[in-house]
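Below is one structure, written out as structure tokens; the observations come after it.
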Amino acid sequence: MAAFWQGVVEGTVTPAMPAFFPQSAYVQLKTGIADPSGDWQNRLVADYALDIGAAHALLGPDPAQATLVTVSVPEQNGHWIPPGVCANGIGYYEVANARVVYQLDGQTRSFGIASMISWRGVWYVVHLGAILRSGGGEVDEPAIGTGTSAPSETC
């Protein structure tokens, strides 16, 4: 998540990619769509880049002053997505509403990660700002303080 945070601070997706769901895993997972590689690049990574930019904007005029405190992944809210659901050829564990907690100007702040997928025991971001979008970059539930993670059924 240090790489993810670096991307948020810099406002660019490239350093944040190690925290993102790998393309090779997505291709294995999404057997029910015509072009999973293209979907990964043109939709998921493109949305991630927009959302990284939106999260960067939360950090104000001097983003380097913000420090990552923790990323809280509420594994108790994790659930199994079985094969055949949401165009998936194999099952996986998903957790919604993880929280990125950071300090800025002496104040604890946070924002959500809409969806993470566990792949080979590692949690990866798959949707940062929103799963269903209205367009543009989005920040999931920014808050003063640590915010709240609620269970949610997504895929």
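What follows draws every value from the coordinates through simple rules; no lab data is involved. In this text the structure is predicted, and so the values were computed from the model without any measurement. In this analysis, Cβ positions are derived from the backbone assuming ideal geometry, glycine residues included, and neighbour counts consider all displayed protein chains.
Roughly how many whole Å is it from the C-alpha centroid of the stretch 4-32 to that of the stretch 58-73?
One Cα centre to the other: 19 Å.
Using only Cα atoms, find the angle between the long axis of helix 46-58 and the longest principal axis of the chain, and express it within 0 to 90 degrees, rounded to the nearest 10.
That helix lies at roughly 20 degrees to the long axis.
Within a Cβ distance under 10 Å of residue 133, other residues only, what is the Lys/Arg minus Asp/Glu net charge?
Once positives and negatives cancel, what remains is -2.
Which of these, 47, 140, 62, has the largest mean-square fluctuation under a Gaussian network model of the chain (Cα springs below 10 Å)?
62
From the residues 69, 9, 81, which one has its Cα farthest along the dipole of the chain in the positive direction, the dipole being from +1 and -1 charges on Cβ of Lys/Arg and Asp/Glu about the Cα centre?
81
What Kirkwood Rh does the stretch 78-145 have if only Cα atoms enter the pairwise 1/r average? Answer in Å.
13.4
Can you tell me what percent of all Cα-Cα pairs in the stretch 70-114 are more than 12 Å apart?
Beyond 12 Å sits 67 percent of the P(r) for the stretch 70-114.
Where the eigenvalues come from the Cα gyration tensor of the chain, what are the semi-axes √(5λ) of the equivalent ellipsoid, largest first, in whole Å?
Equivalent-ellipsoid dimensions as semi-axes: 26, 17, 12 Å.
Relative contact order of the stretch 2-144, please, whole-number percent, based on alpha carbon pairs below 8 angstrom and at least 6 residues apart.
Averaging sequence separation for qualifying contacts and normalising by length gives 24 percent for the stretch 2-144.
Going by Cα centres, the stretch 41-57 and the stretch 86-155 are how many Å apart?
The stretch 41-57 and the stretch 86-155 have Cα centres spaced 13 Å from each other.
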